[in-house]
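A.B. asks: First the structure, then my questions, so here it is.
The values are calculated or read from the model by the stated rules, or taken from the named source; none is laboratory data. Quick caveat: nothing in here was measured; it's all calculated off a predicted structure. Note that we place each Cβ from the backbone using ideal geometry, even for glycine, and neighbour counts take in every protein chain shown. Just so you know, the surface numbers come from the protein's heavy atoms only, side chains and all, with ligands and any DNA or RNA stripped out. Shrake-Rupley method; radii C 1.70, N 1.55, O 1.52, S 1.80 Å.
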Amino acid sequence: MKLIRLKPYIPSTIFIFVLIAVMGMTYVPYPNIIRLSESDYPNEYVPSIVAPGEYFKISTSVEKVWVGFQELKNEQGTIKIPEDFSSGWYNLTLQINGINTTRNNSIYVTPISVDDFTFIQVTDVHTPCYGGADVQERKNVFNLVNDIGPAFVVDTGDMTDYGLEKQYVYYGWIISDLEMPLYTIPGNMETYSDPNLERYARHLGPGNYYFYFGRILFVASVALHSPRSWGGFDGTQIKWINDTLSKEADLKFLLHHIPIVAEQGRDYNYVPWGWKEGHFSQIEEGYEEIVKILTKEKAYVLSGHWHGYSNKFQYEAATFYNTPSVTRMSEVKEGPRFRLFQIQNNTLTYDKVIKSEKLHITHQYTTNNTQVKIIIRNEEGFYVPLYLHVKLSPLKLPYSTNQGEIIKYSSSGDIWVKYNAPIGESEIEVVPII
Amino acid sequence: MSYKKRFETLFHRPSESFQEIIKYPCFFKTSLVIFICGLVYTTIAELGLFNSLMPHFIAAYSLMFTIIWFLPTVISMIIFKIIGKKFNTESYIEANALSIFSVITLGFIFLSIFMIYSNIFADPKRTAYFAMVYYNQWYPLAIVGVIGAILILHRIIIIGRIIVKAKLYQIIIIWIVAALISMYIAYLIFRGWL
């Protein structure tokens with residue numbers, strides 16, 4: 001008799017249980033993230049960046065090596081790029097057990113010195129599924145990034161809005177004019193329609209890997225719970241990060257989408273389990289282990305995820321950067337943001353957020369392509385280190401500049417000018433010496 | 001009064017519906033209608049908001065819309081019972097469910113208009129979520145939200161007066177307590193878990 005009184009509540013009870021069951025069934029605690037083995041490096045997704053006269057490493061099982069069409073000496077997995085190599089992309093051909101395999105665009109010979117370079121962190125691009133002005137705006141941001149001339153770019157996730165196929169296609173177009181390597185990791189948005197990150201891997205490669213630039217180590221890591229905004233590290237991932245971050249280097253960076261340690265919790269501020277001894281973390285499993293590793297390695301951690309939030313936070317021996325987004329947000333109405341880092345003699349000397357609408361770089365070439373005037377309008381409120389790339393007629397080599405310093409030129413007429421753009425408007429002219 | 005009339009609390013005096021619910025409570029049937037409609041709304045909203053159908057988000061958003069009325073309704077009901085009010089539990093829950101359902105339907109109609117505009121006619125075309133969150137186009141929906149909130153408050157008071165026979169100050173205090181507890185629980189689920 002009493003059970004009959006519960007009849008009105010049967011549909012609502014079943015409904016709520018079904019919803020919770022669907023959420024449970026579609027939850028993927030640890031997506032199938034790809035970790036590269038030593039023999040997989042370098043490849044088109046994780047290219048080696050190397051300056052002429054410098055070295056890159058490959059697996060010791062490789063018998064012969066060709067960079068482009070030139071065979072190079074392999075000294076137990078260490079390859080030296082000759083001084084006369086032009087800057088740009090090269091295919092890498094490896095002979096293993098007598099069989100040759102070619103990896104396209106796997107070596108980038110950089111014009112920039114490992115002793116003084118910049119790199120850029122972009123994050124939360126949120127490429128939409130329709131084209132038009134929204135995609136064009138993102139393309140303009142990457143064009144500006146390209147004009148600033150970093151040695152490489154890292155994208156710390158959420159490059160698409162929901163990980164849809166057409167969003168990856170647009171993202172491919174957005175990044176298509178970058179001259180330098182781009183290293184990516186997935187964010188939680190990529191898991192929304194692709195919980196195991198299979199589509200991500202097809203378009204952008206592995207999620208866990210490392211690369212060096214000179215003596216600086218960069219480790220890219222995924223710790224996502226599809227489709228949640230929170231992250232976590234399982235035992236395998238912790239071990240992989242520990243092993244990788246403990247490699248020898250003068251400076252160590254971890255690229256990670258979700259903030260591991262932050263001064264504030266943004267709109268997650270009132271979630272009690274996010275608060276740890278005076279700071280906030282959106283990491284659940286493995287939090288203590290990862291913080292211990294980062295502290296031990298004195299690592300710099302580059303994260304995104306919180307869009308409008310810009311912060312640098314020192315916790316014990318580790319430094320945590322939260323970089324605002326390329327996509328606009330309610331609290332970032334003015335325009336896209338990204339962070340520019342400069343490393344000089346293995347010391348981090350510059351870490352500013354660039355407001356894309358406050359920095360303009362315009363190239364004005366003469367009609368015969370023998371001179372260029374570069375007009376820079378810098379309203380950021382601080383100087384901006386630039387490595388400007390111009391392409392002039394090779395017939396008029398050599399060239400000189402009225403400001404900055406030509407750090408590299410090639411016989412093809414490619415010239416790189418190092419210039420610290422002061423606040424306000426400045427002009428650089430690159431002209432033939434004669 | 002026909003059964004389907006009780007779904008029209010938005011268009012006539014809601015007290016008529018609530019009197020009918022006191023006489024003939026039928027939360028079993030009403031909840032079925034609400035949940036089926038809720039799933040349809042959520043599925044359509046997913047398409048318009050994200051241009052993609054993702055089962056976990058259909059489930060999560062359906063759960064959210066259930067929680068935001070079900071939790072405060074149950075909490076307020078328990079408090080009313082604790083302070084000694086005698087009323088029919090089924091009628092109380094059904095009346096609250098119908099109140100919020102009518103307002104959610106109104107909101108869904110406005111969201112649908114916005115989704116059609118945003119995905120098809122706007123220049124540039126944007127998914128509705130993208131337009132609202134990244135380009136601040138949520139003001140018209142916020143106005144509908146405020147109107148909806150006023151309508152819900154009005155109905156909460158009527159339900160308290162007609163079904164529970166509580167005093168106005170009791171209704172206000174108990175619903176503030178119930179709403180705050182529920183909002184925090186919903187926040188913990190949707191910010192702390194999702």
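A.B. asks: Do you know which residues across the range A:307-326 are in contact with a strand residue (DSSP E or B) (Cβ under 6 Å, 6 or more places away or on another chain) and within 19 Å of A:Ala223 (Cα to Cα)?
C.D. replies: A:His307, A:Thr319, A:Phe320, A:Tyr321, A:Asn322, A:Thr323
A.B. asks: Let me ask another. Tally up the residues in the range B:118-133 that are open to solvent by less than 40 Å² (accessible area, probe 1.4 Å), in contact with a helix residue (DSSP H, G or I) (Cβ under 8 Å, 6 or more places away or on another chain) and either more than 8 Å from every other protein chain (Cβ to nearest Cβ) or part of a helix (DSSP H, G or I) (or both), please. Let's see the steps before the verdict.
C.D. replies: Initially, the range B:118-133 is screened for residues open to solvent by less than 40 Å² (accessible area, probe 1.4 Å), giving B:118-119, B:122, B:124, B:126-128, B:130-133.
Subset that is in contact with a helix residue (DSSP H, G or I) (Cβ under 8 Å, 6 or more places away or on another chain): B:118-119, B:122, B:124, B:126-128, B:130-132.
Still in the list and also either more than 8 Å from every other protein chain (Cβ to nearest Cβ) or part of a helix (DSSP H, G or I) (or both): B:118-119, B:122, B:128, B:130-132.
Looking only at that region, the number is 7.
A.B. asks: Filter the range A:67-77 for residues that are open to solvent by 50 Å² or more (accessible area, probe 1.4 Å) and closer than 17 Å to A:Asn43 by Cα and give the result. Break it down into steps so the answer makes sense when it comes.
C.D. replies: Within the range A:67-77, the subset open to solvent by 50 Å² or more (accessible area, probe 1.4 Å) is A:69-71, A:73, A:75-76.
Listed by number, the list holds a single entry, A:Phe69.
A.B. asks: Name the single residue, out of those in the range A:78-105 being loosely packed, with under 15 Cβ neighbours inside 10 Å and touching an Asp or Glu at 6+ places or on another chain (Cβ under 8 Å), that is nearest to A:Ser39 (Cα to Cα).
C.D. replies: A:Ile96
A.B. asks: In addition: Tally up the residues in the range A:1-25 that are open to solvent by 40 Å² or more (accessible area, probe 1.4 Å), over 18 Å from B:Val40 (Cβ atoms) and assigned to a helix (DSSP H, G or I), please.
C.D. replies: Adding up the residues that qualify gives 13.
A.B. asks: Return yes when B:Phe190 is facing another protein chain (nearest Cβ under 10 Å) and either surrounded by 15 or more Cβ atoms within 10 Å (Cβ to Cβ) or modelled with pLDDT of 90 or more (or both) and no when it is not. If you could, list the steps in order and put the result at the bottom.
C.D. replies: Values: facing another protein chain (nearest Cβ under 10 Å): yes; either surrounded by 15 or more Cβ atoms within 10 Å (Cβ to Cβ) or modelled with pLDDT of 90 or more (or both): yes.
Spelling it out, B:Phe190 is indeed facing another protein chain (nearest Cβ under 10 Å) and either surrounded by 15 or more Cβ atoms within 10 Å (Cβ to Cβ) or modelled with pLDDT of 90 or more (or both).
A.B. asks: Quick check: is even one residue across the range A:53-64 in contact with a His (Cβ under 9 Å, 6 or more places away or on another chain) and over 27 Å from A:Pro150 (Cα atoms)?
C.D. replies: no
A.B. asks: Count, please, the residues in the range B:70-94 that happen to be without any contact (Cβ under 8 Å) to a residue 40 or more places away in the chain and more than 11 Å from every other protein chain (Cβ to nearest Cβ).
C.D. replies: 6
A.B. asks: Could I ask something else about it? Please specify each residue of the range B:40-62 satisfying the condition of being more than 9 Å from chain A (Cβ to nearest Cβ), under 28 Å from A:Lys7 (Cα atoms) and touching a residue at least 12 places away in the same chain (Cβ under 8 Å).
C.D. replies: B:Tyr41, B:Thr42, B:Thr43, B:Tyr61
A.B. asks: If a residue has to be within 14 Å of chain B (Cβ to nearest Cβ), assigned to a helix (DSSP H, G or I) and without any contact (Cβ under 8 Å) to a residue 40 or more places away in the chain to count, how many in the range A:107-165 make the cut?
C.D. replies: Result for the range A:107-165: 6.
A.B. asks: Let me ask you something else. In the set A:Gly286, A:Gly265, A:Gly278, which member is within 14 Å of chain B (Cβ to nearest Cβ) and either free of Cβ contacts under 8 Å to residues at least 60 places away in the same chain or out of contact with any Leu (no Cβ under 7 Å at 6 or more places or on another chain) (or both)?
C.D. replies: Details: A:Gly286 fails: within 14 Å of chain B (Cβ to nearest Cβ); A:Gly278 fails: within 14 Å of chain B (Cβ to nearest Cβ).
That would be A:Gly265, the only listed residue that is within 14 Å of chain B (Cβ to nearest Cβ) and either free of Cβ contacts under 8 Å to residues at least 60 places away in the same chain or out of contact with any Leu (no Cβ under 7 Å at 6 or more places or on another chain) (or both).
A.B. asks: In the range A:293-337, what count of residues is obtained for those that are open to solvent by less than 10 Å² (accessible area, probe 1.4 Å), within 12 Å of A:Asp351 (Cβ to Cβ) and part of a loop (DSSP other than H, G, I, E, B)?
C.D. replies: Adding up the residues that qualify gives 1.
A.B. asks: Still on this model: Being more than 16 Å from the chain's Cα centre (by Cα) and modelled with pLDDT of 95 or more is true for just one of A:Asn196, A:Asn140. Which residue is that?
C.D. replies: When all the criteria are applied, what remains is A:Asn140.
A.B. asks: So, one more: Restricting to the range A:239-265, count the residues that are open to solvent by less than 60 Å² (accessible area, probe 1.4 Å) and in a helix (DSSP H, G or I).
C.D. replies: Total meeting the criteria: 5.
A.B. asks: Looking at the range B:135-161, which of its residues are part of a helix (DSSP H, G or I), within 14 Å of another protein chain (Cβ to nearest Cβ) and touching a helix residue (DSSP H, G or I) at 6+ places or on another chain (Cβ under 8 Å)?
C.D. replies: Answer for the range B:135-161, where residues must be part of a helix (DSSP H, G or I), within 14 Å of another protein chain (Cβ to nearest Cβ) and touching a helix residue (DSSP H, G or I) at 6+ places or on another chain (Cβ under 8 Å): just B:Leu141.
A.B. asks: Also: Inspect all residues belonging to the range A:199-220 and state whether any of them is more than 13 Å from every other protein chain (Cβ to nearest Cβ), open to solvent by less than 30 Å² (accessible area, probe 1.4 Å), assigned to a loop (DSSP other than H, G, I, E, B) and polar (S, T, N, Q).
C.D. replies: no
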